Amino acid sequence: MFAPPEIIKAETFATLPERYRRVDEVPPWAAVRRGGKPVHSFLEGPSFDRAGNLYVTDIPFGRIFRISPAGAFDLVTEYDGEPNGLKIHKDGRAFVTDYRNGIVELDLATGSTRPALERRYSERFKGVNDLFFAANGDMYFTDQGRTGHQDPTGRVYRWSVDGKLHCLLSSGLNPNGLVTNADESVLYVAMTNANAVWHLSLMPNDDVTAVGTFIQLSGGGGPDGMALTEDGGLVVAHARFGAVWVFDAKGQPRWRVESCASDFLTNVAFGGPDMKTLYITDSGAGVVQMARLPVAGRRMFSHQ
């Protein structure tokens with residue numbers, strides 16, 4: 001249907017040191033999500049601060065790491081949780097989607113955490129996964145749980161700056177990464193168990209219309225984290241496929257970034273002075289990969 005996308009080979013930027021790798025441990029997350037197999041780590045949630053440090057989460061062991069521009073790992077915190085997505089607000093605060101604890105605020109200086117949003121009304125979340133900040137500070141996040149074709153009840157929320165929580169969608173198939181288009185009229189959501197990226201047309205009254213499929217993938221385990229390019233294209237990490245796809249604003253594939261390690265590429269973030277370096281969490285190998293792209297990532301907020 002489309003011309004084959006140009007292939008870009010990724011390379012290793014940083015490797016989780018052996019002192020941080022857990023050996024022969026099966027935490028509760030791995031008992032369910034990895035069939036009881038031991039895991040050394042599971043890195044996700046890449047996000048840069050103003051100084052160029054990259055923060056990543058380690059879901060099964062409740063850890064958050066800081067990676068220097070030179071690729072050195074430093075443990076920021078280890079707490080009783082399962083942190084997944086991480087984003088730094090334009091005011092400098094860091095927020096984490098924690099599968100067990102809801103939305104958590106993280107103090108990057110001290111490593112302390114505190115609950116920010118634990119439930120909707122009296123009901124706890126299914127298991128939040130990823131988040132994204134709009135230009136005005138509104139937070140969009142996904143509530144994934146174990147939803148899929150057998151249970152199409154995954155949710156997408158907007159938590160506005162005035163404290164109102166609104167459920168935009170309640171029929172998702174494992175909603176995962178999310179990002180808006182440039183003018184914030186459309187919210188793209190990776191539906192992992194549909195192996196697709198959906199588009200949600202956003203309305204001023206907190207409603208959505210015209211929910212549909214923007215990109216349909218095949219193979220692998222499904223789309224995970226996403227980012228937006230400067231020209232309105234979409235970058236999609238295809239977990240278990242060993243690739244990150246770069247689509248243009250129309251949804252046509254332009255480049256395919258191939259893994260230099262495992263097939264479990266989960267999330268992406270743009271960095272570097274020109275925002276043309278894509279950083280990719282390789283959750284299977286416990287490394288962060290990097291690739292130079294011909295297109296820059298969109299600078300969404302003042303902290304970048």
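The values are calculated or read from the model by the stated rules, or taken from the named source; none is laboratory data. Bear in mind the structure is a predicted one, so any value in this text is a computation, not a measurement. Neighbour counts run over all protein chains shown; Cβ positions are idealised from the backbone, glycine included.
Values for this structure:
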item: Residues within the range 187-216 that are crowded, with 19+ Cβ neighbours inside 10 Å and farther than 18 Å from ARG155 by Cβ, tallied; result: 2
item: Residue list for the range 191-212, filter: at pLDDT 95 or above and within 13 Å of TYR140 (Cα to Cα); result: LEU200, LEU202
item: ARG299 being charged (D, E, K, R), touching a residue at least 12 places away in the same chain (Cβ under 8 Å) and closer than 21 Å to THR180 by Cα; result: yes
item: All strands (runs of 3 or more DSSP E) inside the range 162-247 with 3 or more residues being within 19 Å of ARG33 (Cβ to Cβ); result: 175-180, 222-228, 234-239
item: Selected residue [more than 19 Å from THR266 (Cα to Cα), of a type in the set (Asp, Glu), assigned to a loop (DSSP other than H, G, I, E, B) and at pLDDT 95 or above] from ASP24, ASP80, ASP74; result: ASP80
item: Residue satisfying all of: in the range 30-52; out of contact with any His (no Cβ under 8 Å at 6 or more places or on another chain), of a type outside the set (Gly, Ala, Ser) and buried (at least 18 other Cβ atoms within 10 Å of the Cβ); nearest to ALA94 (Cα to Cα) among these; result: PRO46
item: Condition check for GLY137: in contact with a His (Cβ under 9 Å, 6 or more places away or on another chain), closer than 23 Å to SER201 by Cα and part of a loop (DSSP other than H, G, I, E, B); result: yes
item: Number of the condition not met by ALA135 [criteria: (1) out of contact with any Gly (no Cβ under 8 Å at 6 or more places or on another chain); (2) of a type outside the set (Asp, Glu); (3) within 21 Å of MET191 (Cβ to Cβ)]; result: (3)
item: Lone unmet requirement of (1) under 19 Å from PRO175 (Cβ atoms); (2) surrounded by fewer than 20 Cβ atoms within 10 Å (Cβ to Cβ) for GLU258; result: (1)
item: Criterion: more than 20 Å from SER68 (Cβ to Cβ) and without any contact (Cβ under 8 Å) to a residue 40 or more places away in the chain - qualifying residue of ASP231, ASP248, ASP263, ASP274; result: ASP248
item: Count - residues of the range 186-209 that are among the aromatic types (Phe, Trp, Tyr) and under 15 Å from the mean Cα position of the chain (by Cα); result: 1
item: Residue tally, condition modelled with pLDDT under 95 and either under 22 Å from THR57 (Cβ atoms) or surrounded by fewer than 18 Cβ atoms within 10 Å (Cβ to Cβ) (or both), over the range 274-304; result: 6
item: Unique residue being in contact with a helix residue (DSSP H, G or I) (Cβ under 7 Å, 6 or more places away or on another chain), surrounded by fewer than 19 Cβ atoms within 10 Å (Cβ to Cβ) and in contact (Cβ under 8 Å) with a residue 24 or more places away in the chain when the list is GLY148, GLY111, GLY92, GLY137; result: GLY148
item: Failed item, numbered, when GLY148 is tested on (1) more than 30 Å from ALA30 (Cα to Cα); (2) modelled with pLDDT of 95 or more; result: (1)
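For (1) over 14 Å from the mean Cα position of the chain (by Cα); (2) among the β-branched types (Val, Ile, Thr), each residue gets a yes or a no:
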site	(1), (2)
ALA51	yes, no
ASP58	no, no
PHE61	yes, no
ALA70	yes, no
VAL76	yes, yes
LEU86	no, no
ARG93	yes, no
